[in-house]
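The numbers here are math on the coordinates, done by the rules we state, and not lab data. It should be emphasised that the depicted structure is a prediction, and the values quoted were computed from it without experimental measurement. Please note: Cβ atoms are built from the backbone with ideal geometry, for glycine as well, and neighbour counts cover all protein chains shown.
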Amino acid sequence: MPPLTPKVLGAAVVTGLLVLLGAWWVGASLFGPAPADDHRVVEATVTAPAECSDADAVETVRFEISGTAREGMLSGCGHDQDEQVRVAVPRAPADDGGPVEVRLAATAPGTSDLRRPVGLMLLTLSCTAGGTYAYLLARGPRLALA
């Protein structure tokens, strides 16, 4: 077996770091599919702006879906009356005639699951375990002390 030199250990560490960097770059989709976006983007007009000093500011917007004018509740503030904004509307909004909850199209709801951090932690643990096992194999058996 070749001797365990700093060059060999350095190559193992760099390989493990490259595996982790590649997993981080691929993102959460490596550990499971991303949730499907069930929204469509439409142009809306702000009909009732909200002040940003309100803690839970909600603005009312008016938009058109399939030729029907609808109202929506936009969680946000700082827009002017009759300002045009792009909003994401659910693909199948309720037909109860009430306002639809919408969000700005430039934003995306974050995932609140633990797939990415737990997956990366387990990948780090497996890289560490593999490196430790390779080190123990390369080192060979220890001599017994008498």
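If you restrict to DSSP beta bridges whose two residues both lie in region 39-104, what percentage is antiparallel, to the nearest 5?
DSSP beta bridges in region 39-104 are roughly 90 percent antiparallel.
What Cys residues in the chain are without a partner cysteine, judged by a Cβ distance under 4.7 Å?
So far as the 4.7 Å Cβ criterion goes, Cys127 stand without a partner in the chain.
Go through region 67-83 residue by residue and turn each phi into a ³J(HN,Hα) via Karplus (6.51, -1.76, 1.60, θ = phi - 60°); whole Hz please, and just put x for glycine and proline.
So the Karplus estimates, Gly and Pro as x, are x, 10, 6, 10, 10, x, 9, 9, 6, x, 7, x, 8, 8, 4, 6, 6 Hz.
Could you work out the equivalent-ellipsoid semi-axes for the chain, taking the square root of 5 times each eigenvalue of the Cα gyration tensor, largest first, in whole Å?
So the three semi-axes of the chain are 57, 15, 13 Å.
Just flag the trypsin sites (Lys or Arg not before Pro) in region 40-146 sitting in loop per DSSP whose Cβ has no more than 16 other Cβ atoms within 10 Å.
Of the trypsin sites (Lys or Arg not before Pro), the ones in loops of region 40-146 whose Cβ has at most 16 other Cβ atoms within 10 Å are Arg91, Arg142.
How high is the relative contact order of the chain, in percent, counting Cα pairs under 8 Å that sit 6 or more residues apart?
25
Regarding region 39-104, what is the average projected area of its C-alpha convex hull, in nm²?
Numbers: hull surface 16.4 nm².
If you wrap the Cα atoms of region 39-104 in a convex hull and average its projections, you get 4.1 nm².
Would you be so kind as to identify which of Val26, Val46, Ser75 lies farthest towards the positive end of the dipole of the chain, taking Lys and Arg as +1 and Asp and Glu as -1 on Cβ and the Cα centre as origin?
Highest projection toward the positive end goes to Val26.
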